[in-house]
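Step one of this worksheet: look at the structure below.
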Amino acid sequence: MTKIAFHGVAPVLACGALAVSSVVLLAQIASAGTGGATGVAAASGSPSATASASPSASPSTQSGRYVALDTPTRAFDSRSTSERRRSGVTTVDLSQWVPATATAAVLNVTVTEATAGGYAVVYATGSGKPETSNVNFQTGLTQANEVISMISSDRRVDVSIDGGVAAPSAALIVDVVGFLTADESVTAGQVKAITPERVFDSGKTDQPRRSGETQVDLSAQVGDATDVVLNVTVDAPDVGGHVVVYPTGSAKPATSNVNFAKGQQQANEVFTKVGSNGRVSLSLDGPTPPHARLVVDLVATVGGEAAADVTVTSPRRFLDTRAGAGNVGAPPGRKSGPITVSLPDSVPDGASAVLLNVTATGADSPGFVTVYAAGATNPGTSNVNFRVGADQANAVVALISSDRKVT
């Protein structure tokens, strides 16, 4: 089982309570040596309308192995088009970067300059829009989230900017990080989820606040893995900016992974290649060079021993603690402390881990969410950092218990 624990703001802040914890299943990761993939992911947010499927729609599940682009690439930026702000559906063509053998894409989706609060939903073009969300945003902030999405047969995804009473419009940015492929000759692309480990915390070094490039040595953890999945947190920045994560020794890409405002604690999950020396670089950048505490948790590796294929599913919400028709998985109301949740029956017995999208909303004080296998010890890391007055989502790779539960 997977447990979801709510705490004071990560790494350490006063306890907070949530009006909503929404968790959506996106993929599942099989146990090593079991063949077909099992990676589970979740997305959360306000419900969205469901569209009818077309012949180009993707099936409900797609298995594959992960392949990283040589360099993360910006596939779409509405700010450089004649329609700077978008509302409703924008179709993004990924065929220039994603091959015909691809079954899904790994993206970093950013929303900025929003006219009102809302959420973005990412899905394969031609398929029905799921009643989930991937990026929750508000006015005055830039919000990003890592997204694994199935793609259409012509390698496109739709990104729908939605909201409540006030229909929002916003600038939309989509970076391509990598893709899943059904090509079994890609022997290095299997994923191994691990017990999360805090591999770097600048607050515990002689340089607690960082700016520019910081190198993190992962050689003791990654072995012969080619890529890693990290959760990167920025704490108490003195000005707004962003973090770029890339393999040490490579050129810094013209993309971003974590976007933050002054004083904001912000986390995002990141897929990145590892440098030849087992290091990754994190660059804190901005119009005015920011200085901030930087925290890095290792949550999975790609390639190496005991790894397995990933299966991407149609997003499905299996926990929503808000009152009303959408309530599922737990009694409605704000939550504090651990909640143990059973995963949907679609997660097979052979699954070792899942990929979720976890959303916190309605907090009465700042805090953070930690997701881990039910019955296991809290790893002392964090996945979602939240604050009062804002919905906050993040993608999460988590191990699951033998009876398919998380805490």
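Derivation of every value follows stated rules applied to the coordinates shown; laboratory data play no part. It should be emphasised that the depicted structure is a prediction, and the values quoted were computed from it without experimental measurement. Glycine also receives a Cβ, built like all others from the backbone with ideal geometry; neighbour counts cover every protein chain displayed.
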Exercise. Can you spot the lysines whose alpha carbon is less than 25 Å from LYS204's alpha carbon? Ignore those fewer than 8 places along the same chain.
Key: LYS262
Exercise. Just tell me which lysines come within less than 25 Å, Cα to Cα, of LYS192; anything on the same chain fewer than 8 places away is out.
Key: LYS3, LYS273, LYS405
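What full-extension length gain, to one decimal in nm, is calculated for ASN327 and VAL388 as 0.36 nm per residue of separation minus the Cα-Cα distance? Provide the component values of the computation, followed by the final result.
Working: separation 61, 0.36 × 61 = 21.96 nm, distance 2.15 nm.
The span from ASN327 to VAL388 would gain 19.8 nm if fully extended.
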Quiz item: What spacing in nm lies between the two simple spin-label points modelled at SER276 and ALA254, each 7 Å away from Cα in the Cβ direction?
Solution: 2.6
Practice problem: Would you mind counting up the charge near ASP238? Only other residues with Cβ under 10 Å from its Cβ, with Lys and Arg at +1 and Asp and Glu at -1. | Solution: +2
Practice problem: Could you tell me which of rounded, prolate or oblate describes the range 61-180, using a ≥ b ≥ c as the square roots of the eigenvalues of the alpha-carbon gyration tensor, with rounded for a/c under 1.5 and, failing that, prolate when a/b is larger than b/c and oblate otherwise? | Solution: prolate
Quiz item: If you bin the C-alpha pair distances of the range 210-274 every 5 Å from 0, what whole percents do you get?
Solution: 4, 15, 26, 26, 16, 9, 3, 1
Self-check item: For the range 298-361, the Rg and Dmax computed from alpha carbons only, in angstrom
Solution: 14.7, 45
Practice problem: For the range 302-407, count all C-alpha to C-alpha pairs, find those more than 21 Å apart, and express that count as a whole percent of the total. | Solution: 38
Quiz item: To the nearest 20 debye, what is the magnitude of the charge dipole of the range 308-407 about its Cα centre, counting +1 on the Cβ of each Lys and Arg and -1 on the Cβ of each Asp and Glu?
Solution: 260
Quiz item: Taking the Cα centre of each part, how many Å lie between the range 306-341 and the range 124-194?
Solution: 19
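How much length would be gained if the chain were fully extended between SER336 and ARG74, taking 0.36 nm per residue of separation minus their Cα-Cα distance, in nm to one decimal? Could the numbers behind the result be given before it?
Details: separation 262, 0.36 × 262 = 94.32 nm, distance 3.80 nm.
Stretched fully, the SER336-ARG74 segment lengthens by 90.5 nm.
What share of Cα pairs, in percent, lie more than 24 angstrom apart in the range 209-343? The partial results should precede the final answer.
Working: 4217 of 9045 pairs.
The proportion of pairs with Cα distances above 24 Å equals 47 percent.
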Quiz item: How much length is gained on full extension from GLN221 to THR377, taking 0.36 nm per residue of separation minus their Cα-Cα distance?
Solution: 54.2 nm
